[in-house]
Amino acid sequence: AAGLWTVFTLGGVGSKASAQLEQCSPLASQSLLLLLVLANLTDAPDTPNPYRQAIMSFKNTQDNTPFSSSNPHAFQINFNSLYTALCEQQKSDQATLLLYMLLHQNSNVRTYVLARTDIENLV
């Protein structure tokens with residue numbers, strides 16, 4: 001989960017342009033691209049894609065509801081830090097694609113973003 005958190009925060013929460021981000025943190029940029037590719041692989045007939053399952057089911061660290069025992073890929077991250085990182089990196093195509101995927105596939109993230117009062121930072 002710690003490695004996935006690094007990918008979600010794009011290697012750190014800084015206000016860098018996408019070209020600067022790629023120069024200063026190429027590992028974060030490449031990791032995000034890898035995560036996007038892995039999460040968008042098609043499911044096998046008998047096994048769902050574990051990366052997609054993880055993207056679809058992670059929760060906020062402030063959410064006290066228990067995890068479903070049927071999903072072994074569940075984890076928690078701080079949605080406030082994720083939201084801040086995504087707002088600061090919206091000039092990056094990879095970050096925008098991650099945001100799109102999270103809003104469409106993870107109802108926890110969608111609910112959190114819609115409840116924010118500063119959504120203009122994201123837009």
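The values are calculated or read from the model by the stated rules, or taken from the named source; none is laboratory data. Since the model is a prediction, treat every value here as computed from it, not as a measurement. When we count neighbours, we look across all protein chains shown, and the Cβ atoms used for this are built from the backbone with ideal geometry, even at glycine. Only protein heavy atoms, including side chains, enter the accessible area calculation; ligands, DNA and RNA are left aside. Shrake-Rupley method; radii C 1.70, N 1.55, O 1.52, S 1.80 Å.
Any residue that is open to solvent by 70 Å² or more (accessible area, probe 1.4 Å) and in a helix (DSSP H, G or I) - is there at least one of those in region 75-83? Within region 75-83, one or more residues are open to solvent by 70 Å² or more (accessible area, probe 1.4 Å) and in a helix (DSSP H, G or I).
One line per residue, one yes/no per condition, for (1) assigned to a helix (DSSP H, G or I); (2) farther than 20 Å from LEU33 by Cα; (3) touching a residue at least 60 places away in the same chain (Cβ under 8 Å):
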{"residue": "ARG52", "(1), (2), (3)": "yes, no, no"}
{"residue": "MET56", "(1), (2), (3)": "yes, no, no"}
{"residue": "GLN90", "(1), (2), (3)": "no, no, no"}
{"residue": "LEU98", "(1), (2), (3)": "yes, no, yes"}
{"residue": "LEU114", "(1), (2), (3)": "yes, yes, no"}
{"residue": "THR117", "(1), (2), (3)": "no, yes, no"}
{"residue": "VAL123", "(1), (2), (3)": "no, yes, no"}
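Do we have any residue at all in region 52-64 that's more than 23 Å from ASN40 (Cβ to Cβ) and in contact with a Phe, Trp or Tyr (Cβ under 6 Å, 6 or more places away or on another chain)? Scanning region 52-64 turns up at least one residue that is more than 23 Å from ASN40 (Cβ to Cβ) and in contact with a Phe, Trp or Tyr (Cβ under 6 Å, 6 or more places away or on another chain). Would you say LYS59 is among the basic types (Lys, Arg), open to solvent by less than 70 Å² (accessible area, probe 1.4 Å) and either in contact with a strand residue (DSSP E or B) (Cβ under 6 Å, 6 or more places away or on another chain) or at pLDDT below 90 (or both)? Considered against the rule, which asks whether it is among the basic types (Lys, Arg), open to solvent by less than 70 Å² (accessible area, probe 1.4 Å) and either in contact with a strand residue (DSSP E or B) (Cβ under 6 Å, 6 or more places away or on another chain) or at pLDDT below 90 (or both), LYS59 comes out as yes. In region 28-47, the residue that is modelled with the lowest pLDDT out of those that are part of a loop (DSSP other than H, G, I, E, B) and open to solvent by 70 Å² or more (accessible area, probe 1.4 Å) is ASP43. Could we say that ASN64 is buried (at least 17 other Cβ atoms within 10 Å of the Cβ) and either free of Cβ contacts under 8 Å to residues at least 60 places away in the same chain or over 15 Å from the mean Cα position of the chain (by Cα) (or both) here? No: the conditions fail for ASN64. Applying the condition of being under 11 Å from the mean Cα position of the chain (by Cα) and of a type in the set (A, V, I, L, M, F, W, C) to region 97-123 and asking which residue is nearest to ASN60 (Cα to Cα) yields VAL109.
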